[in-house]
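Just so you know, all these numbers are worked out from the coordinates, no wet-lab data involved. Every value quoted in this text rests on a predicted model; they were computed, and no experiment measured them. Reconstructed Cβ throughout: ideal geometry from the backbone, glycine too, with neighbour counts over all protein chains shown.
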Amino acid sequence: MTTKIPKAYSVEQTAAILGAALRMNSPALPELALGFFSGLRPTEVMALDLETIDFDADEFRTPMHHANGEETKTGTRMAPLTPACKAWLLAQPRRKGKACPCDATGLSAEMRGILTAAGVKGISDGRRHSFISYRCAEIRDVARVADECGNSPNVIKTNYRDMVTAAAAARYFAIRPEVEVGNVTSIEAGRVSA
């Protein structure tokens, strides 16, 4: 029996998805940011209150329980609050309440709309797989990535890591939202065009 290796979104696909969610003012934007740039599972995001994130810190504690009250698979852990994640979370207006106000069905419907608008084919658990793949390439420390994501190093090595280059990882973690500057929309440094 062969194990199917999960796939990651390309840098361009990730930028397109996030850009579409931002343009649509999607309530799923925090879920996307936390999945793509902090490695959270959708069930963890649904249980996370945005108010618990300290934007002056470089990490945050994941929820101990799912939104339905059941204990999470791996318990709580410290997840990285990468600069890319911060930028995308701050690009949307909500600072309190559930990071993903949708239930699983609503999130699936929202994601279908975002993917269609972005012109990108969905990848099962693609946000988390992308984070793990690019994070491994960025920091070259499988044990640290495993700790950040609530997996064992062996699981990361054999099941989740899509081989990407350090250069691609640098481009991935440089994806930023467009920002308004006066009446002119500028692109933050490092942003990949969608």
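Ordering F55, F37, F131, F60 by the number of other Cβ atoms within 10 Å of each residue's own Cβ, fewest first, gives F55, F60, F37, F131. For C100, C149, the sequence from fewest to most other C-beta atoms within 10 Å is C149, C100.
Sorting K98, K121 by the number of Cβ atoms found within 10 Å of their own Cβ, with the fewest placed first, yields K121, K98. With a Cα cut-off of under 22 Å and a minimum spacing of 8 residues unless on different chains, the lysine pairs in region 35-161 number 4.
Based on the alpha-carbon gyration tensor of region 11-187 and its eigenvalue square roots a ≥ b ≥ c, which shape applies: rounded if a/c is under 1.5, prolate if not and a/b is larger than b/c, or oblate? Rounded is the answer for region 11-187, as its axis ratio a/c remains below 1.5.
Close amide H partners of Y9, meaning residues 5 or more places away or on another chain with modelled amide H under 5 Å apart, are S130.
In straight-distance terms, cross-link reach from K7 covers every one of the aspartates and glutamates whose alpha-carbon lies under 14 Å from its own, apart from those fewer than eight places away in the same chain; here that gives D125, D162.
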